[in-house]
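Laboratory data are not the source of any read-out in this text; all were calculated from the coordinates shown. From a predicted model like this one, the values you see are computed outputs, not experimental measurements. Heads up, the Cβs are rebuilt from the backbone with ideal geometry, glycines too, and the neighbour counts pull from every protein chain shown.
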Amino acid sequence: MERVLLRLLGATPRYPVWARYVLTLGLVGIAFSAKLLLYDALESYPLLLFIPVVFLASVIFDRGSGVLATIASAILAAAYFVRPPASSAIIPLAVFVLTALFIAAVTETLRGTLEELSEAKSYGDILLRELAHRTRNDLATIMSILRLQARSDSNPAVQAAIASAAARVDVVAKVHDRLRVVDSNRVDLAPYIEALCGSLADFHRGVRPIAIRAHCGDISVWSSQAASIGLIVNELVTNAFKYAFPEGRAGVIEVQVHAEGARIVIAVRDDGVGCPAETKSGLGTRLINLLTTQMKGTMTRTPLPKGCEVQVALAVDPA
């Protein structure tokens, strides 16, 4: 019922004045006909069926239509349904008129409030789009600076560290790209994960024959959660590229993301040299642990007959 009223109040087309008044009188005529049909049952309530008419006219059209419905209903009730003497109906008619006018006024106030809220929402959406656009540009600038710095340093370790930082910034930037495309604060994970894995393959593979395959279910999450999921995928895939395929060997990395109830499960498996005996506590591993803890998740590492699988289960907020 609330949604129906909000739709009527907020989305009613603005008919010409004459059309609004003609349709209002038509509503009053329908109530009058219904009263004639139910005269015996509603003999003691001559004004009852006209109250919904006033409300509907005010909701569907405007306050003027509500006032017209009030006047027309009072005249018809006084002429056809009020028992003599007429003086005995003055107070009921007065109460009806005052109540109906109050309904029309309140409905018009609600309409104005909804219009102001709609304008404020539209303005807020514009500001959010502009903010997302500027944030994306700022992130692109940061990535350019980092890559420029990496090229200007002759130390390979420094170059690798800066390149990793740029890749992490790119993960967040891709979230803003998705927000700009869908114009929402939620992100569809499937195209986001596929685009992210494609970029990671191009970035890490080089001339090595390593394929990356991404599979993601039809999942939608909040943008902040998408950024965390993207960073986790980024670190897991990067680790697989670094450690699973030494000495230029070929292989395949599979990324699977699916929902299990209120949890998102990320599984990254490879057919490389297997799980390391000891997990290195590097920046990437610390970042995965931090994000997993923040999202109340767990991480498990499972050796495979050929390769290794890392699975991260994360709790996500409902839509």
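Packing, taken as the mean count of other beta carbons within 10 Å per residue, orders the peptides 90-98, 268-276 from highest to lowest as 268-276, 90-98. For region 252-319 versus region 68-118, the inter-centroid distance based on Cα atoms is 66 Å. Amide H contacts for Leu304 (H built 1.01 Å from N in the peptide plane; partners 5 or more residues away or on another chain; cut-off under 5 Å): Cys275, Glu309. The local environment of Thr107, defined by Cβ-Cβ distances under 12 Å, has a net charge of 0 under the rule Lys, Arg +1 and Asp, Glu -1. Put a dot 7 Å past the Cα of Leu114, heading toward its Cβ, do the same for Leu98, and the two dots end up 2.8 nm apart.
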